[in-house]
1. With a Förster radius of 22 Å, plug the Cβ-Cβ distance of Thr116 and Asp169 into 1/(1 + (r/R0)^6) and report the FRET value to the nearest 0.05.
2. Of Glu152, Glu239, how do they rank once you tally other Cβ atoms within 10 Å and put the fewest first?
3. What is the order of Ser218, Ser156, Ser81, fewest Cβ neighbours within 10 Å to most?
4. Quick one: check the C-alpha center-to-center distance for the stretch 168-219 versus the stretch 246-268, whole angstrom.
5. Ranked by Cβ crowding within 10 angstrom, fewest neighbours first, how are Asp211, Asp238 ordered?
6. Once you list every other residue whose beta carbon is under 13 Å from the beta carbon of Ile223, what net charge do they have if Lys and Arg are +1 and Asp and Glu are -1?
7. Return a single number: how many Lys pairs in the stretch 82-279, at a sequence separation of 8 or more or on separate chains, have alpha-carbon atoms below 14 angstrom apart.
8. Given axes a ≥ b ≥ c from the Cα gyration tensor, I'd like to know whether the stretch 226-280 is rounded (a/c under 1.5), prolate (a/b larger than b/c) or oblate.
Amino acid sequence: MQVTFGLFLIGGLLFASTVFGVLLYGKLTGQDWFGEPEVLSTNVAYAEDSLNITKKAEVSSPAALTPAPAPQAPVMEKKSSIVLDAPLVFQKPELPSGCELTSLTMLLNYYGVKKTKMQLLPEMKRDTTPIRYNKDGSIAYWGNPNLGFVGEITGSSKGFGIYHTALMDLLQKYVPSAVDLSRESFNKLEDQLLAGFPSVVWTTIDYNVPDNWVIWDSPIGPIQTTFMEHAVLLVGFDEQFVYVNDPLSGRSKQKIEKERFIATWEAMGQQALSYTQAAK
């Protein structure tokens, strides 16, 4: 009796362990041996009508929850060259030292103001401070070009020039939208040209950075400058060159290597006068 009971107990334990093993295997493998098949929803698509499938996709798809990117505006490339047709005016013979006023005359003529350099001459600011020399012949005291034209513009005696600060008033008199672009980057002057506006710019006579600087005292303090100082009308540029109307050489659209020109323009203080569209 005891042996029979023991065999029955052992058999029951073996059956129970077999069932438990089957259940455990089904759980691990995703198969339910005694009920409905268990499926992984990420791998099986149920047969449903197309409308419900679409609705589920709209709700469950991460892409459907992310708004479509806004269309990007096309990138406009900046033009790399332009040359404007501006009138050429000679500073000689009347104004051998008048490159700045003559360049301003070209700018005004291009704008539409029909004035000659000689008509504008009486309206230009002047600093009439008389010149005084040191014993060694160097200039000790003279006018300041930031206040007005220094010296004699007609060549009857020593003349020097005028800077943007003093010439700006005359430009504003005829062009309400005049702008002083001094200390701006050269890219700004290129943008002006692309918009159709030339600029009066300060450089040197030979378009080289000067090595003969001079210093003298003036009514508003010492000034360092050079007698190679010059002004032209900037009318164009491309990747390698700039183009100017030079009132001294009398050349229209004179081509100068860009890096060389920018170096002289920077040496002379990045001075530039122009105007904007507002007044047109």
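Every number in this text was worked out from the coordinates using simple rules, so none of it is lab data. The structure presented is a predicted model; accordingly, all values stated were derived computationally and were not measured. Note that each Cβ is placed from the backbone with ideal geometry, even for glycine, and that neighbours are counted across all protein chains shown.
1. Numbers: r = 19 Å, r/R0 = 0.86.
Calculated transfer efficiency: 0.70.
2. Placing the least packed residue first, the sequence is Glu239, Glu152.
3. Ordered by Cβ neighbours within 10 Å, fewest first: Ser156, Ser81, Ser218.
4. Rounded to whole Å, the Cα centres lie 12 Å apart.
5. So the residues, fewest neighbours to most, are Asp211, Asp238.
6. -3
7. Details: Lys92/Lys117; Lys114/Lys173; Lys115/Lys173; Lys117/Lys125; Lys125/Lys173.
Final tally of qualifying lysine pairs is 5.
8. rounded
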